[in-house]
C-alpha cells in the first residue's frame, strides 16, 4: 500500500513496522555479518577464549591471516567484535551486549 493511497486506509498494525532506514540498514548489516560459517566460527572462538589476537584466530581456525582479518573487519563494522590495541598487539573480543540484543532481535522475528 502506498502512503497516500486514498482507497486503503492505514492499518493500525503497520506502526509495528515503522523502522527508519538507518535501523533497517544496520539490521541487514548485522544479519549479513552473521550469515557466514567462518564468521560464526570466529564468534564461537571469541566466546570461548575472550580477548585474542588475529594470530590466535587464524592459527586456531587454520585459515590464512588475511582471511581472518577480512572477516574480523566485517564483524567490527557490524559492531559485533571490538578491537583494542595493547602495545604492538590488537586484541579482539565480542561485544556481548550487542550479541545479546541480536539474539533477542532474531528471537522476536521468529514469534
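The values are calculated or read from the model by the stated rules, or taken from the named source; none is laboratory data. These figures come from a predicted structure and were not determined experimentally. Cβ coordinates were reconstructed from backbone atoms using ideal geometry, including for glycine residues, and neighbour counts include every protein chain displayed.
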Query raised in the report: Any chance segment 43-62 includes a residue that's touching a helix residue (DSSP H, G or I) at 6+ places or on another chain (Cβ under 9 Å), part of a helix (DSSP H, G or I), under 24 Å from residue 25 (Cα atoms) and without any contact (Cβ under 8 Å) to a residue 40 or more places away in the chain?
Result: no
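Looking only at segment 14-23, decide whether some residue is over 30 Å from residue 96 (Cβ atoms) and either at pLDDT below 95 or under 18 Å from the mean Cα position of the chain (by Cα) (or both).
Among the residues of segment 14-23, at least one is over 30 Å from residue 96 (Cβ atoms) and either at pLDDT below 95 or under 18 Å from the mean Cα position of the chain (by Cα) (or both), which makes the answer yes.
Report the residue count in segment 72-111 for those that are part of a helix (DSSP H, G or I) and either exposed (fewer than 15 other Cβ atoms within 10 Å of the Cβ) or out of contact with any helix residue (DSSP H, G or I) (no Cβ under 7 Å at 6 or more places or on another chain) (or both).
17
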Query raised in the report: What residue, among those in segment 30-42 that are out of contact with any helix residue (DSSP H, G or I) (no Cβ under 7 Å at 6 or more places or on another chain) and at pLDDT below 95, is surrounded by the fewest Cβ atoms within 10 Å (Cβ to Cβ)?
Result: 35
Report summary line: Those residues of segment 44-79 which are at positive phi and touching a strand residue (DSSP E or B) at 6+ places or on another chain (Cβ under 9 Å) amount to 50
Report task. Taking residue 87 as meeting all but one of (1) farther than 22 Å from residue 24 by Cα; (2) under 20 Å from the mean Cα position of the chain (by Cα), write down the number of the exception. Result -> (2)
